[in-house]
1. In the range B:198-210, how many are more than 14 Å from B:Phe46 (Cβ to Cβ) and at pLDDT 90 or above?
2. Restricting attention to the range A:149-162, which residues are in a loop (DSSP other than H, G, I, E, B) and surrounded by fewer than 19 Cβ atoms within 10 Å (Cβ to Cβ)?
3. Considering the range A:551-597 alone, what residues qualify as being outside any loop (DSSP other than H, G, I, E, B) and at pLDDT below 85?
4. Could you say whether any residue in the range A:103-125 is acidic (Asp, Glu) and in contact with a Phe, Trp or Tyr (Cβ under 6 Å, 6 or more places away or on another chain)?
5. Residues in the range A:214-257 that are within 10 Å of another protein chain (Cβ to nearest Cβ), assigned to a helix (DSSP H, G or I) and open to solvent by less than 40 Å² (accessible area, probe 1.4 Å): how many?
6. More than 24 Å from B:Gly60 (Cα to Cα) and open to solvent by less than 40 Å² (accessible area, probe 1.4 Å): which single residue out of B:Tyr213, B:Tyr204 fits that description?
7. Within the range A:183-200, count every residue that is part of a helix (DSSP H, G or I) and within 8 Å of chain B (Cβ to nearest Cβ).
Amino acid sequence: MVEHEDEQSDDENHEPTSFLTKYVWSQDHKVIAVQYSLTAIAIGLVALVLSWLMRMQLGFPGALEFIDEDAYYQYATMHGMIMVIYLLTAIFLGGFGNYLIPLMVGARDMVFPYLNMLSYWVYLLAVIVLTASFFVPGGPTGAGWTLYPPQSILQGTPGYEWGIILMLTSLVIFIVAFTMGGLNYVTTILQARARGMTLMRMPLTVWGIFIATFMGLLAFPALFVSGVMLLLDRVIGTSFFVPEIISLGDPLAYGGGSPLLFQHLFWFFGHPEVYIVALPAFGIVSDLLSVHARKNIFGYRMMVWALLAIGVLSFIVWAHHMYVSGMDPAFGFFFAITTLIIAVPTAIKVYNWVLTLWRADIHMTVPMLFSLSFILTFVFGGLTGLFLGNVVVDVPLSDTYFVVAHFHMVMGVAPIMIVFGAIYHWYPKITGRMLHGAMGQIHFWVTFLGTYAIYFPMHYLGFVGVPRRYYSYDEIDFIPESAHDLNAAITVAALIVGAAQLLFLYNVFWSLRKGEKAPANPWKATSLEWQTPQTPPAHGNWGKELPVVHRWAYDYSVPGAEEDYLPQNMPRQPFEKSGAHDPHDDKPVTDLQESDK
Amino acid sequence: MGQKSVESASGNPDNAGAVDQLVADWSSDREAFKGVSWGKSMMWIFLLSDTFVFGTFLTGYMTVRMSTTVAWPNPSEVFALTIGGTELPLILIAIMTFVLISSSGTMAMAVNMGYQRKPKQAAYLMLATAVLGAMFVSMQVFEWTKLIHEGVRPWANPFGAPQFGSTFFMITGFHGLHVTAGVIYLTVVATKVLKGHYEKSGDYQVVEITGLYWHFVDLVWVFIFAFFYLW
Ligand code: HEM
Ligand SMILES: [Cu+2]
């Protein structure tokens with residue numbers, strides 16, 4: 001933060017030339033975005049493979065002999081943590097955030113490119129530390145992704161020797177990396193927009209990423225602090241979270257700590273985290289729907305306020321994850337109410353997406369398919385969330401497969417669908433090539449139908465009481481035979497879905513060289529990133545002149561226009577009557593632009 | 001920044017009320033905080049995030065203090081120094097707090113000098129701030145040493161609840177790290193100011209940005225002081 005080059009002037013845009021400065025130690029937000037995404041996908045693949053292994057054990061117990069009880073817990077923990085933090089958070093904010101923010105608001109780069117570069121390298125360090133835990137004595141931690149003490153730091157939990165230490169260290173490093181990046185994203189959006197780019201003209205993608213990042217800056221501190229405290233408990237023997245415990249007749253050296261405190265701190269981070277991965281998806285899906293349905297987003301302002309309301313509310317619902325923790329039942333009452341309230345802005349968003357599609361010119365492109373599946377999956381998972389938000393329903397369902405099905409639908413599958421949709425949508429801008437359409441269609445249909453085959457039956461498993469985080473159900477009498485058959489079927493579906501992701505990766509690499517050459521604006525989209533002079537955009541994004549923005553990002557199918565869309569940087573046309581679409585029409589921003597130049 | 005904002009040209013800022021002005025700024029293009037540099041806005045946002053870090057630390061402290069089963073030691077006794085035969089409760093901490101608050105004063109003067117474009121004075125005042133900060137840290141080291149000699153450890157405490165030692169070392173340690181980082185930060189910026197690094201642009205806002213961080217660290221101390229020593 002010591003370096004203090006203020007707003008860049010155009011002439012100091014020296015372009016890096018050597019391979020190293022261009023692609024490795026790059027300060028260009030576009031390169032950093034790709035680095036972030038590739039790293040996140042790479043570690044995400046590990047999490048995917050772990051899910052196959054878990055599914056093999058659940059569907060065909062004992063078929064893979066190297067999976068013992070400890071290994072199963074370790075797989076589940078690493079799978080969950082990687083998916084939530086190191087894949088989804090990193091790819092939405094570090095990946096899409098980095099790539100899209102400067103391009104969509106019309107900036108040349110992030111405000112502090114050097115800090116931005118550091119953010120990626122520190123993130124990579126966090127990933128390396130995390131991966132290292134697979135290779136230390138005792139292996140990675142098996143404490144569950146929630147890492148609840150006391151068990152996570154006591155003997156008997158796999159990985160208690162080194163795994164838990166590395167996990168916590170890696171999380172702390174990740175938070176440092178996220179903070180460096182997040183400060184950049186927020187400042188860029190607030191202070192470095194193009195002429196004419198008001199906040200209420202920003203594409204919803206930018207809004208979603210903006211609010212999610214801001215939430216991250218306020219929520220990650222709780223994980224940071226609880227991580228540090230847990231680390232101290234484990235390493236130097238403080239007792240923040242561990243009460244008096246008699247283990248095998250001997251009292252442990254701990255005493256007087258509060259395990260509930262950890263749960264509160266963890267979920268004060270953990271619930272906003274759900275929205276940290278959901279809000280960018282909300283934003284992106286709004287833009288994908290609008291572009292591929294050739295229609296303006298319905299209720300733009302409402303969408304922005306709903307994002308904001310969700311962001312604020314999500315900080316006061318955290319204890320709905322703790323109904324069975326033994327906290328004061330009065331809390332349960334309060335948190336159930338706030339949880340149900342948060343459904344209101346969320347429902348507004350869903351209505352607006354659907355209304356955007358109403359009588360629209362829907363193009364069934366691959367990004368559109370993924371967007372539609374997002375709405376379906378998100379609504380599905382959201383509805384079961386409403387059930388679980390009520391204490392009386394949650395108590396019997398808590399820690400069953402119903403919960404697993406719920407959170408995979410709402411924060412696993414739904415955001416991942418948007419990650420895919422977004423990659424199919426922006427790949428042409430990033431690489432200059434189109435992704436292969438037929439491969440994309442296969443990828444979509446297998447993934448979409450497959451995830452329903454996986455998670456739909458899990459709701460049923462939850463109802464019959466199958467508990468989650470179990471290595472084996474063989475000796476549990478109340479579980480009916482049919483549940484075992486169902487588990488086998490789910491495993492088959494999971495493996496097929498997994499294979500489809502390999503097809504996707506193949507497509508990404510194949511298209512890089514063999515893909516059809518992409519025009520500058522293949523989807524005829526209005527937002528600024530499609531209006532760059534070069535595709536892929538060059539260093540500095542805009543050539544000599546920065547773009548000037550004249551309208552919001554949703555002028556599609558405008559009556560009287562030659563093309564069916566008007567890019568954001570197109571000046572007002574004679575045929576446009578005032579007050580048509582732009583939420584800012586009452587303000588003379590556009591007209592002043594020209595005179596002010 | 002010299003960029004004329006598009007929006008402010010449309011209204012008459014002198015007549016507009018503060019709320020109208022706020023709305024106008026936020027609905028304008030380019031920047032939401034008019035005339036605030038990138039570095040300064042980023043520092044503000046960082047401090048907001050850091051507030052949550054310290055807030056969580058202190059919340060954790062309060063919870064642990066209430067949940068622990070052993071009695072909490074009396075701070076007036078634990079933090080007393082015996083000087084010339086008399087036991088003076090909280091004397092060291094009073095001096096430390098005084099030193100740190102004074103450093104906020106010198107910092108504020110440095111910012112003022114920066115805006116008056118008196119780089120020499122600004123730099124020296126920043127260095128004075130850094131010296132006061134270093135004094136604070138050394139007194140903290142002294143306090144830690146004393147407590148450790150008396151047998152207080154992060155995991156143990158002869159005066160009562162072991163959590164007293166845990167939270168004390170953790171939170172004052174984390175704050176002390178912030179002060180130490182601030183001393184380094186101040187020294188670096190002061191050196192740059194002295195070398196004339198900002199003469200060309202004539203923009204000494206960097207002094208204010210450093211000051212924001214420093215005042216924040218002081219403010220946090222006030223809370224730690226109240227919660228640890230007065231409760
Ligand atoms: C094909 C995709 C996936 C499959 C087959 C899968 C499968 C599984 C399985 C079998 C478990 C362990 C359940 C248990 O024993 O309790 C699990 C846990 C979990 N998964 Fe997934 N998963 C997938 C994708 C995802 C994604 C995209 C996310 C991102 C949010 C995610 C997040 C989690 C979390 C947070 C847990 C809980 C871990 C724990 O209990 O500590 N999963 N998953
Ligand atoms: Cu939640």
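1. 4
2. The answer is A:Leu154, A:Gln155, A:Gly156, A:Glu161, A:Trp162.
3. Matches in the range A:551-597: A:Val589, A:Thr590, A:Asp591, A:Leu592, A:Gln593, A:Glu594, A:Ser595, A:Asp596.
4. No: the range A:103-125 contains no residue that is acidic (Asp, Glu) and in contact with a Phe, Trp or Tyr (Cβ under 6 Å, 6 or more places away or on another chain).
5. Adding up the residues that qualify gives 14.
6. Among B:Tyr213, B:Tyr204, only B:Tyr204 is more than 24 Å from B:Gly60 (Cα to Cα) and open to solvent by less than 40 Å² (accessible area, probe 1.4 Å).
7. Within the range A:183-200, residues that are part of a helix (DSSP H, G or I) and within 8 Å of chain B (Cβ to nearest Cβ) number 8.
Let's see how each residue does on (1) more than 30 Å from B:Val188 (Cβ to Cβ); (2) open to solvent by 40 Å² or more (accessible area, probe 1.4 Å):
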position: B:Thr68; (1), (2): yes, no
position: B:Pro73; (1), (2): yes, no
position: B:Ser76; (1), (2): yes, yes
position: B:Gly84; (1), (2): yes, yes
position: B:Ala94; (1), (2): yes, yes
position: B:Phe98; (1), (2): no, yes
position: B:Met107; (1), (2): no, no
position: B:Gly114; (1), (2): no, no
position: B:Gln140; (1), (2): no, no
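The values are calculated or read from the model by the stated rules, or taken from the named source; none is laboratory data. Given the structure is predicted, the values throughout are model-derived calculations rather than measurements. Glycine gets a Cβ as well: all are built from the backbone with ideal geometry, and neighbour counts include every protein chain shown. With ligands, DNA and RNA removed, areas are computed over all heavy atoms of the protein, side chains included. Shrake-Rupley method; radii C 1.70, N 1.55, O 1.52, S 1.80 Å.
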